[in-house]
Amino acid sequence: MGGRHGEIRSRIDCCLRLDPNWPTLFEQERTRIKNALGSFVLAVEHIGSTAVPDLPSKPSSTCWLA
């Protein structure tokens, strides 16, 4: 990766240990999404690394809407 004038830049994504609050935080987000979208959404599912127990993850949740 190069920047201006050959400057080298790197991006490091930080992974964290499982936060036991992630499932609860996602449930709160699921409720907010379902309340906002009502009948326009049939399902809100927690996917990605924060949904997998004991998997180091970036501290952001990913969801799938149907």
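The values are calculated or read from the model by the stated rules, or taken from the named source; none is laboratory data. Quantities reported herein were computed from a predicted structural model and do not represent experimental measurements. A quick note on method: Cβ atoms are made from the backbone with ideal geometry, for glycine too, and the neighbour counts reach across all protein chains shown.
List of remarks:
- Selection count, segment 23-66, where residues are in a loop (DSSP other than H, G, I, E, B) and at positive phi: 2
- Every test in (1) of a type in the set (S, T, N, Q); (2) at pLDDT 90 or above; (3) surrounded by 11 or more Cβ atoms within 10 Å (Cβ to Cβ) is passed by SER49 save one, and that test is (2).
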